[in-house]
Each structure stands twice: as structure tokens, then as C-alpha cells.
Amino acid sequence: MKKGFKSIFSFFMCSALFLTTFISTSPVITKAETISTFTREDFINGEFGNTDNGLELLKKDGDNAAITSTYSEKFSYEADVNLEDGPSAALIFGVANKDNPSSGVWYGVNINKTEGYSYAENDKVTGVIRMFKVVPGQDLGINEAVPLTEAQKAKNTFHYKVTVDSNKNIKFYLDGNLVFVKNDPSWTGGNAGLLTFNTKATFSNIKFSDSPVDNDENGFSTNLTNITGLKGTWIKTNEGLFSQGRGDSFAISDTTGSDFIYQTDVTLPSVGAASIVFRSNDNGSDSYVANVDSGAGMGKLFKFQNGSATVFKEFKIPSKSTYNLKVKAIGSHVDYYIDNNLVGSFDDSSFSSGKFGLLNYSASEIYQNLNKTDINAATYPKLTDLKIEGVNLSPSFSENVFNYNANTEYTVDKIKLKLSAVNASSVKVRVLDSKGIEVFNKDLQNNTFNEIAIPVGLNKVYVTAKDNEDNERTYLINLKRALDPTSYYSEEFRPQFHYSPKENWLNDPNGMVYYEGEYHLFYQYYPYGKEWGPMHWGHAVTKDLIHWTELPIALYPDDIGAIFSGSAVVDENNTTGFFTNTSEKKGLVAIYTTDNSGIQQQNVAYSTDKGRTWIKYTGNPVLKTSDDPLNNGAFRDPKVFWDEDAKKWIMVVAGGPLRFFSSSDLKNWKAEAMQPEIETECPDFLRMKVEGTNEYKWVLSGGGRFYMIGDFKEVNGKLTFVPEADKISMNFGRDSYAGQTYNNTPDGRVIMINWMNTWDNYCKAVSAITEPFNGNFNLQLELKLKKNLQGQIKLIQEPIKEYDSLRLAPTVIENATVGSTGNVLQGITGKQTEIVAEFTPGAATTDVGFKLRVGNNQETVVNYNIATKKVSIDRSKSGKIPTENGNRYYESDLFKAVETGDMSMTSDGKIKLKIYLDWASIEVFGNEGEVTGASLIFPDSSSTAMETYSKGEDSKANITLYPMDSIWKSSSSSLSVKAVDSANNNKLLKDAEFKLYDANGNAIGTDNIKTDSKGQVSINNLAPAEYVLKQVKAPKAYNLEESFSQKIDLTKGNQSVDVNFVKAANPEKEAYKVVFKDYDGTVLSEQEVKSGKSAKAPKKPVREGYDFTGWDKSFHKVTEDLVVTAVYKVKTYTVIFKDYKGKTIGKAQTVEYGSAAKAPEAPAREGYTFTGWNKDFSNVKKNLEVKAEYKINSYTVVFKDYNGEIIGKPQTVEYGKSAKAPKAPRRPGYVFTGWDKNFNNVKGDLEVKATYHKVNAWSGVFYRNIWTWIISIF
């Protein structure tokens, strides 16, 4: 923001010379005493444009200021401001020195549409309302800012008003709403003016008065006492209690209450949230809060407990500037009304009484008529009974329960409601349908069944008991009438081959287990709405992993809490004792978290009827919060499995830090390793074999978002996960979370399911797009560990093979040239399709990819960039964009962001992609499961076109497109074709061959379609589309009509066609000539064979170096002249290279007959020189063992005397042999003592020198005498 202020300063510094040149050094001060309207003549400077409809300040590169001679210490100053070109315009005032403004203090108020504002580090917006005070050479004396609303950003005309009263209170009103109040003790008055920054703006109806209304604290009406602001600005004004703050700013009163009505009017001129606070402690850290956030279009009911927030309810509200907020609290029940409409309620007993207060979150706001009224709960109206004939309420009716849920079948269009009330003069029932439209509003008779018509969908039935003093208490029934059963699974964004519940909210997969022929899938489920609510366990089963049956809810919330995530196991050996009295002595056990206002504990339940009903263990919870050694509140999502090595049950649990527990009976648990250095939700822990080896690894999945590979072993007496590497991403798409795998799969496969969404910021807002559900799962993926080319162990994820059963007849495009223009997929459509593609890029290719679900200016782009080796999904133009959860007027930037993942090319330089398109999703698999990305998309149902492209240079592509059948309602069609001779009573003809093409000429499948012996053929598993049928081969003795082309429309259902063939003009031959030839054309046999008979094969021919494998065509039932050629397979031989020791060098080579083996690198042998190989291997015709040959090395040994003279001749000595010493040399005065080097094992050239010992005179005489004596003897 300082940069903007510097630009304001720059105007005055650059304009100082201009100002002092054109105005008097002794200015005349005009003091306003009455309301005046400024015109052009009132301004002593500024660059103006058109002044016909106001004063237009021209756009300059920086500031354009215009100052009047009007001076005042208190005033009211206002104008209509129209931003014609640019972001910012201001009223300025308090200019201390109009002769040289940069030398003195001045003030301003404005909006700036491009200036940034931060709620917090990661919560930033653009566009602000501002009040500032410039003090030369210092930081801003006043620096107030709040963000603009989306509505304010969208418009360009505003009304500004600034006032300064006699108490030096400075107020700024925008469009009639008070935005800022600031008391400045240093205020001394000054001149007024206008200012724009990089903007052309018109100021009209400019009015100035020196008679402002003084601020009056009595303007705020309340019956609370001593309201004290703890943070931010809290000022009583004429308009009410003004507040401004950044972040949470509380104001708490001394007034307390237990049962009461507490309400206020609140005005929000900017973005931010206004709240009423009740049953609070002194600082708001323990309190209940009811708020509105007009900019976000959301309201909330929540509590702070020890400073941590827990949200009870969130709901959408109309975006406007003024609301009436009211809460009614009786006991543990609280109702929240906005503009007198009940919008939410909760039951919570954390705080039974406390203080009243207010809470401002990053806003400017004014509270008025802030009052509380105590309630006498004993005499307040209430219901004593509530029944719907034939419908169960959940929970059962109780006088202290105010919210109920109920379901009815589609066929029930009316309910009979009976109610009983006390302390009430009337009971009114009001019904709102799923769109919020009132469909019933009537007073009902007490203790009588009253009939009410109920539309399909989720209805809100409000029952209000009221007394004569207008005291009232309201009960709510969320009544869900099922939709027409025929309408399910054909809704606009309904997944067709991904699991989704019929209705309502779904998130994490839970309890996945295989048991007695069924795969069970439990999941987080809220059965009474499309946004997250108190969690239940939904339940579905499948026998084939493809087609699902949705079962009744498995686990409901209870007194311990809502049912959060968990797992299920087969207690095969009845370790729990739960199945002692059953015939099977085994069964299913679920292990799950309960959550009660943030208190998370682990529980178990069991089923004795294959998961259809569940019994909760009476000893729950089996792991309490107090049992957590880390004492961390994030204690949830237990994944349990049997560890065969440890012979015990293992639980991995997280929600935050990772923890392990062990148990012998699933009821009593021992703490193992606590590993807070690893944080995750929804952990999964798997022992997996590395493909192609006997090696096993443990894999930790962090909610399907990352994985870590390592070991699981005892460390310091605790079972501990020991990672071998850092976290690795599992899915580069944003919409894949909470992944879990099945326990007890019959074939040992590791199969994972993820929730196809994210908690980032838009999952709840998807409810505005999908109907009547919100949530589905990703494709089920088989997980494997494989070593890559670098020898690294990586997790591979690929869709399970069962999805292949949904493939319909494919469109096949082979060896197509793909460029940046043109489209080889022209005319091909798909929104329920599997795409298998392989690109071979050109040398200069930069990117290849697809544009999918194209139409209506929509597209979803899958791109691979060769330089970065990244695959990406761009859904920024994919259709409907969900809003943020907390701001239902703002499209989610996270949803629109491009998602990328690392992906290598194949070893031969190809790019392999597999893409699954469903009605509201895309999943990309790269390089056979090396990388995976999943994203929700919401294109129009008519946006089904496809494109493929290559940038930089053309690429070659093989693309197969499989339409996918629906798992709910099969969409496949069939075509029945008969080949007939219409001239012969429609005789059916066998062996007619056809080919089917799509409407754009692309082949469907790769095989021809051939009529059987009855002259007919059926083509099944065809997508409902338009096709073209062409003849490929005529039946025997009939003509082929090469121009034949018949359109087939399967969008209207299955079709049958008769194709007529005309008999050939030439009569059928009685015999045909069959010639058998060898590979070189040599005729082996010539035969004349009768029509329909078989030729006799000659003796098998022999070809050196080859094995005869048969003949190139069939010669049975001959119907034409044939040349049949022998087919051979070249023989192969094994060539082994060995060194001098007989050790094999490298790997044995398989070499085709007549081809050459490849010599390995010459093997080294000490003391020898490699001379070659003992056999020729350039024309291999048999198995060979080829040995290396060597020549022994020879070396030169030279003997030298002390003076360097060579003694004797140099000797040539072979490696390892000894040289022969010459006769000992003589040297006067010395005695020869030997040689300086060993020459007995020569391994290189040697120079050997004689060594001597010097003698003195005495010793010389002695030695001479000795020699004389020796000689005399001889």
C-alpha cells in the first residue's frame, strides 16, 4: 500500500512549482458558512476535461489533484463520483497549506479497485475503501482500509460523504453507509479538494457545508451495559455502534443471560462478517456466535471453545448491506433468525450462560437496536408430542429436541401430522420445498392429525408454538420425500461408471472389506441434505466391483458422537468374542471414530448378518481421547488390519499426527509408536510385494494424497513405521482424497477408492450444481509396487481390470498425423468414454494433448509438455465453476487452477495416456499408471466434442476411444445384420463380411463382421450413435458392391438391417487350382480341388536354418484358385563367450541362423595380450562356445654395472619366468654384493644394477691374501 501513497506524494512534489507560480503568496481564505455547491471556478488548480455534467478530472500518469480555496475546521463534504477510466478517485480535505500542499498535512477518502487488502497471509483480495492522513516525512497518520464487496467492484458510480465535527471526529460514508470513524486530536482544519490516481473521473453534485451534525453517542440504542471493545475500533455514533477491525475483533458487555432473545440490526457497507456473541466469557474465547458475511453470501452458527472454532451450521444468505440478527436460546437449544426467518439452529450444552457481545471480522459495520430479552423457559410455549402417521422421526420426539429428520417414499405425496402443545394459543406449520418456496402455511388443530401435501425433495417443515404475547418456539422437521425412482442416475451431472449415492452428501470411503462373495463399501454420509452434516455410515455392496446396490444406513450418530471415518475387518477367528453364539463363529467388525464437538474417540460395532445390521459394542469407546499418548485432539480415521507376523490387530490412526496401536481382540488396545513427524488424515497402511521380486515393503498412504515406502518393525520395543524415502504424490488432480483399500480381497489385490473432491474450498458449494446428490468416488485403482528404469521402487496406480467389461465397441484411429491445426477427432463425441492414446512426438514437438467436452465455449484440456515432462489438466473453461464454500458469490480460484504432475516418456520416446471421461469428471493416467490425476468438471450436457493437438511439430498418434456403458442403466445398443439374396426368396447368405464406421469414417473395432452359417451376425456393445455399414467381402458366388454404404441410427435403440447381394454373372466353378510353393517360389505341388473340398498338403518342406511352421492360408473348403506358400520361422542358436578360465562373459546370446553374434568387450588377462576368439561367430549356424585366445607377454631384462655399462646382452623373458644372472662383475676397492632387483618372476621390463660394498686398506690386504690362498689351493 505504501507504493500508492508515494504516488500521492509525488503529485504534490511535482506540482509545487505549478502551484506557487499561479497563486498568490498571500492567499485569501474563504470560510464556508452555508451549504455551497462547488463548480469549476472554485478550484485553483487541477487538469479538468468536460464540465457539462460535473467536474471531470483527466487521467494522468499518477495523481491529478484539484484544490479549492474553501477552508473549514468542521464541515460536511460530499459528491457523486463516477470512475470513467481507472481505479481510484478521492475527496481530499484538511489540506494545511494549499500554496505548497506537500509541505503540510492533508487527508483523503477514496475507493481503489486495484489496491490489495489482506485479511491474513493467505487470504487476500483486491479493491478497498480507504481513509488516510498524509504527514510529510512520516508514516501515514491515519491508514484505514476495508475491502470492497463484489457488487461495489462491479459498479463505477458512488456517493462519497466525509464529515468532521466539533469533536474532531472524521466520518466517511459510502453510498449513505458509514464506513469509517476516526477521532484525530491533531485535526486543525484545512482546504478541500479532489484527487484521482491514473484515473479519469467525474465529480458531480459537489456540496460543502460548515454545519455538520456532531457525533452523539446516545444515537446507539441498547440495553446492554459497559460494552468494551477488546480489539479494533468500537465507537458509539449517531448511526449506532460503529466497529472496524482486521481479523476477529470482539466487544464484550457486562450483561449476562441464560435463556433469552438477543438481537440487533447491523449494516455492512464492506466485505466482512458481523456477529452477535452470547453466553461468552470475558474475552470471547468461550462463546457462541451467530454471524452474517454479506460479501461471501454466507451465514454461520458456531462456537469458540478455548479459542478453537466449531461450526454448527452454514447457510446461504442474500447479499445486501442491512440485516436483523436474532438468536433465541433456551437451555441447550439455540435458534438463529435473519430478518425474522429461522435459518439455523443447534443443540449444545458447552455454555449454559454468559455475557453478551459482538464480533467483527475484517469489516466496517454499524450495530443498532442491540437488545436482549430474558425468557422464562418454564412458561414458554412448547410441544409435548409430534407425530407423522406412518413415518419415523429421527431422533424420536422429545420436548428438549428441536430438530428432526424423516424420509418418505416417492409414492407418499401427503403426510398426516399430529402435534400437542402447552402454553400456546396457536401452532402454525410452515413448509418450504427444496427450492425454499413456501408450499404450506397454516395454523393446525392441537391433538389432531392434519393432512399436508409434500413435494418431492427435501422439505423443511417448521412447527411453531405461540402464546398470546407472541412468545414462540419453533421445531424443524427435515422431511425428505424420495424422487421418482425412474429419475435417478440420469441427472445432468450424475456419474455413469463411478459410484454415487442416490441422494445427499457423500465424502470419505470407509470400512472397505470383502466378505462371503461381496465387496462392502461404507462411506461418510449425511442423509438429510447435500452439504456436510452430522456424519453417518452409508453402505453399498457389489459382487463384481462394478455394479452397486445401495443399502440402508449402517451406523447412525449416537450419544458418543457423529460417526466419522474408519475401517472394517473380518474377525475370522472370533478374537472379539462377538460371534461366539453364531453358527459361523466369525463376522464383520467396524472400527470407527466418533466426534462430539471435537472430542474424537475410537469405537467398534459388529454385524452377524453380512453387514446388513450393526450392533455397537457396549464398551465403546475402545480408545478414548485420554488414551492418546500425544494428547492431540486430531485423533481419527482408524485403519485396522491383521498383522500375520505380529499375530495381532494393528491400528493406524491420525487426523493429525500418525499413531500406531495393537490389540489381540479389537477391544483392548496398546499404544505402539507415536510418530508426530508424519501428519495426515485417513491413513492406510499396506504390506506390498515389489513386482518381479520376492521383496516386500510397507506403504503408508496419506489419505490417497501421498505415499511413503519403508519398513514396519520394533524400534525401542514399539512397532514403528520406518520410512525409506520422503513423501511422494499419489494424485496431481485436486479431486482425490481420503483413499482407502479393501481388507481381505479374495485375490490379494490392493484396490483403493478415493472421494472425488477435496476439502480445499469448494466441496460443499458443489451442492448448487449437482442434484439430488453431492459426492461420488473416483475409479477403483489397483496399486502395485514396481521398480522403474532407475531401480527406484514406485507406486503404480491403474484402474481395475473390471472396468474393461464396460467398454463398448471402440473407434480406432491408427498412425494418425496430429498437428496444431485440423482435428483427427472431428465429429467424434464423448462424455462417457475411455481414451487410450499413444503419441510419437516429432523432433520439435513441444506439447501434445486433448481438448475434451468441447462446446458452448467450454473445454477441458489434458496437456503433456515435453520440456518439463509434466502432464496437466486445465478445467478453467470446463463449464460451471463451483464457488468457494465460505463465499457463495465467488468462483473458486482453486477449482480453476491448472493441475500438473510429473510424467516420464516411455523408453522409446512415446507419450502414453489413458483418460476416463464421465458426465462430471475426468481422470488421467500417464505412462501406465506412473502418474494419476482426477478432477471434477461440470460442462453442459451438449458439450461433447473432442480435439487432439500437437504443438511445435506434428506427432503421430494411435487413439482408441471406448464408449463406456453405464453401471446404473445399460446404454449399449446392438445391430443385427442379415446377408440376403432378394432374387432368391431372401435366401440367407453365409460368409458375407462387413465393416462398421462412425459417422466420420473412423473404424469401429479392428475385426470384420462376418455372417454365420445362418447368414446373420449381431454386433453388440455399441454406443447409441449414428454409424455407417459397408461391405468388405461378398458371399461365395456373389458380387461385392464396393460403393455400398448404409446409415445406421442406434440413438433410437437396437436396429436390424438386411443387406442384399447379387449373384455373380459367371457360374461357379466346379474345381479350383491349388498350387503349393516354397519360400523361394519353388512349386511343391499342384492340385485340382473340387469346389468346397480341401486340398492335400504336400510333404513338409525343409529349409536350412529354419523350422517349417505351416502354410500362409487355409486350403480347406476351397472356393477359389489358391497359391499357398510355406511359412517358416528362423532357427535361433545360443552363443556363449568364455574367458581363459572358462567363465562366461556377459549373458548368453540368442542369434538367428546366419546372423552374427556380438562380441563382448575383450576380456583382460594379466601378462597376456588378447589375440581374438577361437571360433568364427559371424555366420552362426549352430550353438557355439567361443573362447578368448591370448599370447603371453615378453619383457626385456638388462643387467648393468655401477657405472651404467650393460653387462652381457639384454635378455628376453616371458611373463612370470626368471632372467639369468651374468657373471659377477668386479670393481676396484669394492666387493660385489648382488643385484638391486628381483628378476625371478618377471612381469615387466627390468633394469637390474650390480651392488657393491666398499673396503678399507686393511680389509683389502686381508681379502687379497685370502684370494691368493684360495687360488694357490686350486
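The values are calculated or read from the model by the stated rules, or taken from the named source; none is laboratory data. Remember, it's a predicted structure, so these values are computed and weren't measured experimentally. Positions of Cβ are backbone-derived with ideal geometry, glycine not excepted, and every protein chain shown enters the neighbour counts.
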Just one of Lys1047, Lys1063 is of a type in the set (Lys, Arg) and within 55 Å of the chain's Cα centre (by Cα); which is it?
Lys1047
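A quick yes/no check of all residues on (1) in contact with an Asp or Glu (Cβ under 6 Å, 6 or more places away or on another chain); (2) without any contact (Cβ under 8 Å) to a residue 24 or more places away in the chain; (3) part of a strand (DSSP E or B):
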position: Ser1155; (1), (2), (3): no, no, no
position: Lys1158; (1), (2), (3): no, yes, no
position: Arg1165; (1), (2), (3): no, no, no
position: Thr1169; (1), (2), (3): no, no, yes
position: Val1180; (1), (2), (3): no, no, no
position: Val1186; (1), (2), (3): no, no, yes
position: Tyr1195; (1), (2), (3): yes, no, yes
position: Gly1208; (1), (2), (3): no, yes, no
Of those in the range 548-590 that are under 30 Å from Phe497 (Cα atoms) and exposed (fewer than 15 other Cβ atoms within 10 Å of the Cβ), the residue farthest from the chain's Cα centre (by Cα) is Pro552
Please verify whether Pro1035 is assigned by TED's automatic domain parsing to the domain that holds Asn984, surrounded by 16 or more Cβ atoms within 10 Å (Cβ to Cβ) and either in a loop (DSSP other than H, G, I, E, B) or at pLDDT 95 or above (or both), treating the condition exactly as stated.
yes
Mind listing whichever residues of the range 670-703 are touching a residue at least 24 places away in the same chain (Cβ under 8 Å), surrounded by fewer than 21 Cβ atoms within 10 Å (Cβ to Cβ) and not in a strand (DSSP E or B)?
Glu681, Glu691, Gly692, Thr693
Mind counting the residues in the range 1102-1117 that are crowded, with 16+ Cβ neighbours inside 10 Å and within 17 Å of Asp991 (Cβ to Cβ)?
1
Please enumerate the residues belonging to the range 360-374 that are of a type in the set (Val, Ile, Thr) and either buried (at least 18 other Cβ atoms within 10 Å of the Cβ) or closer than 30 Å to Arg246 by Cα (or both).
Ile366
Might you check whether a residue that is of a type in the set (A, V, I, L, M, F, W, C) and part of a loop (DSSP other than H, G, I, E, B) occurs anywhere in the range 550-559?
no
Please name all residue pairs, on different chains or six or more residues apart, with Cβ atoms under 7 Å, provided the first residue is in the range 981-1009 and is part of a loop (DSSP other than H, G, I, E, B) and the second residue is among the small types (Gly, Ala, Ser) and surrounded by fewer than 16 Cβ atoms within 10 Å (Cβ to Cβ).
Lys990/Ser1013; Ala999/Gly827; Asn1000/Gly827
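Condition check ((1) assigned by TED's automatic domain parsing to the domain that holds Leu58; (2) surrounded by 16 or more Cβ atoms within 10 Å (Cβ to Cβ); (3) not polar (S, T, N, Q); (4) not in a loop (DSSP other than H, G, I, E, B)) across all residues:
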position	(1), (2), (3), (4)
Thr188	yes, no, no, no
Gly193	yes, yes, yes, yes
Thr196	yes, yes, no, yes
Thr202	yes, yes, no, yes
Asn205	yes, no, no, yes
Asn226	no, no, no, no
Trp234	no, yes, yes, yes
Count of the range 560-608 residues which are part of a loop (DSSP other than H, G, I, E, B) and either over 28 Å from Ser308 (Cβ atoms) or among the aromatic types (Phe, Trp, Tyr) (or both):
16
Just checking, does the range 668-679 include any residue being touching a Leu at 6+ places or on another chain (Cβ under 6 Å), among the acidic types (Asp, Glu), at pLDDT 95 or above and within 19 Å of Trp649 (Cα to Cα)?
yes
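Listed here are the residues, each with its yes/no results for (1) loosely packed, with under 12 Cβ neighbours inside 10 Å; (2) within 16 Å of Val1074 (Cβ to Cβ); (3) assigned by TED's automatic domain parsing to the domain that holds Val1089.
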{"position": "Thr1119", "(1), (2), (3)": "no, yes, yes"}
{"position": "Val1124", "(1), (2), (3)": "no, yes, yes"}
{"position": "Tyr1140", "(1), (2), (3)": "no, no, no"}
{"position": "Gln1149", "(1), (2), (3)": "no, no, no"}
{"position": "Ser1155", "(1), (2), (3)": "no, no, no"}
{"position": "Glu1161", "(1), (2), (3)": "yes, no, no"}
Within the range 21-60, track down each residue that is of a type outside the set (Phe, Trp, Tyr) and at pLDDT 90 or above.
Glu47, Gly49, Gly54, Leu55, Glu56, Leu57, Leu58, Lys59, Lys60
Residues that are in a loop (DSSP other than H, G, I, E, B), touching a Gly at 6+ places or on another chain (Cβ under 8 Å) and either under 26 Å from Lys801 (Cα atoms) or not assigned by TED's automatic domain parsing to the domain that holds Tyr864 (or both): does the range 907-915 have at least one?
no
Condition test on Lys1093, is it outside the structural domain of Lys1181 (by TED's automatic domain parsing), out of contact with any strand residue (DSSP E or B) (no Cβ under 6 Å at 6 or more places or on another chain) and within 24 Å of Thr1011 (Cβ to Cβ)?
yes
For strands (runs of 3 or more DSSP E) lying entirely in the range 65-149, having 3 or more residues that are over 22 Å from Ile366 (Cβ atoms) picks out 75-85, 88-95, 106-120, 123-134
Being surrounded by fewer than 19 Cβ atoms within 10 Å (Cβ to Cβ), at negative phi and among the small types (Gly, Ala, Ser) narrows it down to one of Ser973, Ser982, so name that one.
Ser982
